[in-house]
Each structure stands twice: as C-alpha cells, then as structure tokens.
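Before any comments, here is the structure.
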Amino acid sequence: MSFHIHSSDKGTRTRTSARSFRLLLQGALILAASLAHASITYTQDTNVHDFTSTVSMYATFTSNGFKPTSAELEGNNPTRVVGSDVTVDFGAGNQVSQIVVFNNIDHIGYAWDAFQPYRIYGSNDGVSFTQLTDAFSADRPDTPGVDPHFQLASYNGNFVWINNTVSSNNLGYETYLDFTSIGSFRYYKFSYSQLTHDHVGSNEWEVELSGVGEAAGPAPEPGTLLLLGSGVVGLGGLVRIRFFI
C-alpha cells in the first residue's frame, strides 16, 4: 500500500497574508505617529487666507478695542498693534486653548523680529497671568532684507506649527500653539521674547501683532499626506514582494 501526501500552500498564503497586513498596518501607524509627534512643523506659505480660513473667532486687543477680521488681515495694509506688552481678550465665557498668532514683520531678515512676540502668558481674570512660552534662540544668521526661513533652535512652550516666511503685506511667522495640556484662557498677553531681548542693538523690545485667533491649526499640507501615502505604498510593495517570493 502506498501513501500519497498532497501539500497545499493555501494555509501558508493565509498566514503570510495576515502577517503582511499586520506589517503594513504597523508601519503605517508608526509613520503616522512619527509625523504627529514632530516638535514643530514649518511651512513657507505666503497666502494669508490659508491661515485666516482656520480661525473660528478673533480676540480683541485690550489696548485699543481693535478686533481684526479675516478680510482685514488679508488686505494690503493690516493694522499693526504695538506695545511692550500686548493683551488680547476672547470675551466673557470664552476660554481658548488653541490659538494662531498673526505676527506683523517690519524687519525682514532678522530672527529677533520673526520671533519677537513669543513670550506668551495666559489668564482668565486679566490680572494674574501664567507664562506659557518663550523663544530663546533661532538658527540661520540674520540677513537684512532677505527671508531666510528661521527656525527656533531653543524655546519652551507648546509651539505646533510655524509658517516661517513673510507675505507681501508684511504678515509672517503665523504661529499655531496648543495649550490644551495646560489649560484654556480668556486672555493672552504677548511680551517680547528672550531672543529679542538678547539681540544687542535692536532697540525694539516690543510686540507687533495684527491678530490672534482661536484655531486648531491648518490641515496637513499635500506634501505631508504624500509622505504618509508613499510610506504606505512602500510597505505595500514590501507586502507584494513577500507574496510572490
């Protein structure tokens, strides 16, 4: 009597498929997590509308009662509010944890001006303020009149997204900050940063802003999504190779 053993690779292919799917999913999650936990995202977008369109509510400057609109910020000559300290108020009953700051740049090419207003404080009574951020140093040397896309080299606080370029109407370095882990505040006060203070000879220890709004931040740019997609596609290619080898 003879015996014939018929082998089938169906079970092997099923196990390989499951392992490959887990590999694909794990890789996609790792890639997504690495993107989500990047310290600061930098962009160079000169279209101010891309940032005003994310604002759900603007705060009022307490020094002069000025409250910007998106149309005003997108115009040719946005109002510039100047002071050694500049405080904004989101209004009674409004406590905000995610904000976008519209910085008004009048010394293009100087890091101390780009990061001028980023010693930020929060308060809910307008009297007692808690310090939330400060900017200490930036990369790249100053180049007057040139837009070198400075990045923060050292800082504290919850900076999320910095648009490190300047638009044609002098708005620039729009910055998204998320204080959800700390608290929500009705008032935000902006003072000149340590970086500005340490810049010998600037003689402009002040804040120059055109608006502060409540905004969770812009959606990922197409390049970021493409990176995520290409990572998944690359892992998909690996899966296909595992199937056919």
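The values are calculated or read from the model by the stated rules, or taken from the named source; none is laboratory data. Being a predicted model, the structure only gives us computed values, none of them experimental. Cβ: placed from backbone, ideal geometry, glycine included. Neighbour counts: every protein chain shown.
Here are the numbers for this structure:
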| item | result |
| --- | --- |
| Filter result (surrounded by 24 or more Cβ atoms within 10 Å (Cβ to Cβ) and among the small types (Gly, Ala, Ser)) within the range 183-200 | SER191, SER193 |
| Of the criteria (1) exposed (fewer than 14 other Cβ atoms within 10 Å of the Cβ); (2) more than 26 Å from ALA71 (Cβ to Cβ); (3) touching a residue at least 40 places away in the same chain (Cβ under 8 Å), which one PHE136 fails | (1) |
| Residue selected from the range 142-166 under the condition surrounded by 19 or more Cβ atoms within 10 Å (Cβ to Cβ) and of a type in the set (Ser, Thr, Tyr), by the criterion nearest to VAL127 (Cα to Cα) | TYR155 |
| Search result, residues across the range 111-132 that are polar (S, T, N, Q) and in a loop (DSSP other than H, G, I, E, B) | GLN116, ASN124, SER128 |
| Subset of the range 122-164 [more than 17 Å from PHE190 (Cβ to Cβ) and small (Gly, Ala, Ser)] | SER137, ALA138, GLY145, ALA153, SER154 |
| Residue check for ASN104: surrounded by 15 or more Cβ atoms within 10 Å (Cβ to Cβ), among the polar types (S, T, N, Q), in contact (Cβ under 8 Å) with a residue 40 or more places away in the chain and closer than 15 Å to SER167 by Cα | yes |
| Any pair with Cβ under 7 angstrom, 6 or more apart, that starts in the range 57-68 at a residue that is modelled with pLDDT of 95 or more and ends at one that is of a type in the set (Asp, Glu) | MET57/GLU214; ALA59/ASP89; THR60/ASP89; THR62/ASP89 |
| Only one of SER2, SER8, SER20 that is surrounded by 17 or more Cβ atoms within 10 Å (Cβ to Cβ) and modelled with pLDDT under 95 | SER20 |
| Single residue of SER168, SER154 found to be assigned to a loop (DSSP other than H, G, I, E, B) and among the hydroxyl-bearing types (Ser, Thr, Tyr) | SER168 |
| Residues located in the range 68-88, provided they are assigned to a loop (DSSP other than H, G, I, E, B) and surrounded by fewer than 17 Cβ atoms within 10 Å (Cβ to Cβ) | THR69, GLY75, ASN76, ASN77, THR79, ARG80, SER84 |
| Sole residue being in contact (Cβ under 8 Å) with a residue 60 or more places away in the chain and either over 18 Å from ASP198 (Cα atoms) or over 22 Å from the mean Cα position of the chain (by Cα) (or both), chosen from ASP89, ASP142, ASP113 | ASP89 |
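One line per residue, one yes/no per condition, for (1) at pLDDT 95 or above; (2) aromatic (Phe, Trp, Tyr):
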residue: SER168; (1), (2): yes, no
residue: GLU174; (1), (2): yes, no
residue: ARG186; (1), (2): yes, no
residue: PHE190; (1), (2): yes, yes
residue: HIS197; (1), (2): no, no
residue: SER202; (1), (2): no, no
residue: VAL232; (1), (2): no, no
residue: PHE243; (1), (2): no, yes
